[in-house]
Amino acid sequence: MDETTAEYAAEQLAPAAALRVRPVVTVAAKTDLGRVRENNEDKYEFFIPEDERALASRGQIFLVCDGMGGHAAGQIASELACKTFIDVYLHHPATEPEVAMIAAVQAANRYVLDNSRAFPQRKGMGTTLSALVLLQDRAYTVQLGDSRIYRLRNGELLMLTQDHTWVNEAVQAGIIQPEEAETHQYKHVLTRAIGAEEGVKPDIESLDLKVGDLFFLCSDGVMNHVPDDLIGETLRTRTPADAAWALVGHALQGGGSDNTTVLIVRVDALMESG
């Protein structure tokens with residue numbers, strides 16, 4: 001199988017857009033194997049263009065993927081999904097960022113699915129995908145699976161994404177109570193993920209962006225052991241780099257039952273251009 005992810009040539013980039021606002025950010029990240037797993041199926045990536053054309057039309061990209069599948073297939077799935085999403089999103093010719101985001105998710109899904117079909121030992125592999133895009137004065141979230149994106153604003157922690165799990169959907173439908181979800185046997189059964197089916201659709205949300213916003217992306221290795229109130233306290237009282245290390249440390253101290261990955265993005269300024 002050819003190891004290529006680009007679907008569009010460089011000259012097919014989206015038409016030039018004016019760069020009105022340039023987010024200035026501080027980024028910190030950490031990933032850890034955990035205390036139980038033998039390989040790390042988590043993957044994080046970010047891409048911050050210096051080119052004004054790319055910044056104006058596509059912005060800054062941050063994402064976390066949590067792979068699944070035996071024989072290290074989950075590690076391959078998360079790697080393929082990360083690089084495919086970024087590459088296709090950046091090079092898609094659409095002027096609307098949401099269109100490019102959907103195309104990038106579909107390309108990543110198709111590539112992981114094709115790869116799993118081509119190699120029998122990778123059958124059934126897949127991955128979550130939680131992406132944050134800071135574009136001009138907007139923040140976009142792209143969600144598939146049960147990795148998460150939070151925002152800390154004015155000291156208040158808010159979960160921006162919804163888990164695509166059987167348990168979460170059962171809670172939303174009133175089938176089970178929220179307290180049951182914490183220990184339910186289907187807690188980690190995903191209803192949507194990259195590589196799971198043809199034509200998978202992500203949740204995409206657009207939000208306003210303010211100076212001081214702090215975004216926290218993480219795999220479920222964090223949520224398994226670190227409650228939201230401790231996440232909020234850590235993000236409020238520590239620098240991004242210190243917070244990243246501390247939160248992974250809390251997950252390890254809590255049991256480290258899974259790979260743990262955190263990616264923190266703090267908006268330090270919104271520089272107006274022109």
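The values are calculated or read from the model by the stated rules, or taken from the named source; none is laboratory data. Quick caveat, the model's predicted, so the values are computed rather than measured. Cβ: placed from backbone, ideal geometry, glycine included. Neighbour counts: every protein chain shown. Remember, those area values only see protein heavy atoms, side chains included, never the ligands or the DNA or RNA. Shrake-Rupley method; radii C 1.70, N 1.55, O 1.52, S 1.80 Å.
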- Item | Residues within the range 29-47 that are closer than 14 Å to Met68 by Cα and surrounded by 19 or more Cβ atoms within 10 Å (Cβ to Cβ), tallied | 4
- Query: Considering only helices (runs of 4 or more DSSP H) fully contained in the range 163-274, which possess at least 2 residues that are free of Cβ contacts under 8 Å to residues at least 40 places away in the same chain?
  - Reply: 166-172, 178-181, 228-237, 240-253
- Task: Tell me which residues, restricted to the range 110-135, are under 15 Å from Val265 (Cα atoms) and not small (Gly, Ala, Ser).
- Result: Leu132, Val133, Leu134, Leu135
- In this structure, is Val189 at pLDDT below 90 and either surrounded by 16 or more Cβ atoms within 10 Å (Cβ to Cβ) or more than 18 Å from Asp228 (Cα to Cα) (or both)? yes
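Results for (1) touching a Leu at 6+ places or on another chain (Cβ under 6 Å); (2) surrounded by fewer than 21 Cβ atoms within 10 Å (Cβ to Cβ); (3) of a type outside the set (A, V, I, L, M), shown as yes or no for each residue.
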{"site": "Pro49", "(1), (2), (3)": "yes, yes, yes"}
{"site": "Leu55", "(1), (2), (3)": "yes, no, no"}
{"site": "Ala94", "(1), (2), (3)": "no, yes, no"}
{"site": "Ala108", "(1), (2), (3)": "no, no, no"}
{"site": "Arg117", "(1), (2), (3)": "no, yes, yes"}
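Results for (1) open to solvent by less than 10 Å² (accessible area, probe 1.4 Å); (2) without any contact (Cβ under 8 Å) to a residue 40 or more places away in the chain; (3) among the acidic types (Asp, Glu); (4) in contact with a Gly (Cβ under 6 Å, 6 or more places away or on another chain), shown as yes or no for each residue.
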residue	(1), (2), (3), (4)
Ala100	yes, no, no, no
Asp114	no, no, yes, no
Met125	yes, no, no, yes
Arg138	no, no, no, no
Arg148	no, no, no, no
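Table: residues versus (1) more than 29 Å from Gln136 (Cα to Cα); (2) surrounded by fewer than 14 Cβ atoms within 10 Å (Cβ to Cβ).
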{"position": "Val226", "(1), (2)": "yes, no"}
{"position": "Leu230", "(1), (2)": "yes, no"}
{"position": "Leu235", "(1), (2)": "no, no"}
{"position": "Ala243", "(1), (2)": "no, no"}
{"position": "Leu252", "(1), (2)": "yes, no"}
{"position": "Met271", "(1), (2)": "no, yes"}
- List, please: which pairs have Cβ atoms under 9 Å, are six or more places apart or on different chains, and start with a residue in the range 22-36 that is in a loop (DSSP other than H, G, I, E, B) and end with one that is open to solvent by 30 Å² or more (accessible area, probe 1.4 Å) and among the aliphatic types (A, V, I, L, M)? Gly34/Leu252; Arg35/Leu252
- Query: Among Gly256, Gly221, which is the only one that is on the phi > 0 side of the Ramachandran plot and buried (at least 17 other Cβ atoms within 10 Å of the Cβ)?
  - Reply: Gly256
- Task: List the number of the failed condition for Ala17; all other conditions in (1) of a type in the set (Gly, Ala, Ser); (2) farther than 24 Å from His225 by Cβ; (3) out of contact with any helix residue (DSSP H, G or I) (no Cβ under 6 Å at 6 or more places or on another chain) hold.
- Result: (3)
